[in-house]
1. Take I12 and decide whether it is surrounded by fewer than 11 Cβ atoms within 10 Å (Cβ to Cβ) and without any contact (Cβ under 8 Å) to a residue 60 or more places away in the chain.
2. Do we have I56 as out of contact with any Asp or Glu (no Cβ under 9 Å at 6 or more places or on another chain), open to solvent by 80 Å² or more (accessible area, probe 1.4 Å) and not charged (D, E, K, R) here?
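The values are calculated or read from the model by the stated rules, or taken from the named source; none is laboratory data. As the structure is a prediction and not an experimental result, all values here were calculated from the model. Cβ coordinates were reconstructed from backbone atoms using ideal geometry, including for glycine residues, and neighbour counts include every protein chain displayed. Surface areas here come from the heavy atoms of the whole protein model, side chains and all, with no ligands, DNA or RNA. Shrake-Rupley method; radii C 1.70, N 1.55, O 1.52, S 1.80 Å.
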Amino acid sequence: MFAFIFKIWWMIAILPFLIFIEASKMFASFLKKKNIYSHWDIWHSFIVVLLLSLAIILFLQYR
């Protein structure tokens, strides 16, 4: 039973977070390679996701 609950937790919480971290690293390396912005880190990604979430919530009027 614990293994089943752990797999569900893995798919819902841990795996998307790991994918988010890897995508942020790939985006940072892309920006550095193109010489656009060399200081991108995970906190920038969190801010972008939070701002996008806020914009979606406000535009769909979930106040």
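1. Spelling it out, I12 is indeed surrounded by fewer than 11 Cβ atoms within 10 Å (Cβ to Cβ) and without any contact (Cβ under 8 Å) to a residue 60 or more places away in the chain.
2. yes
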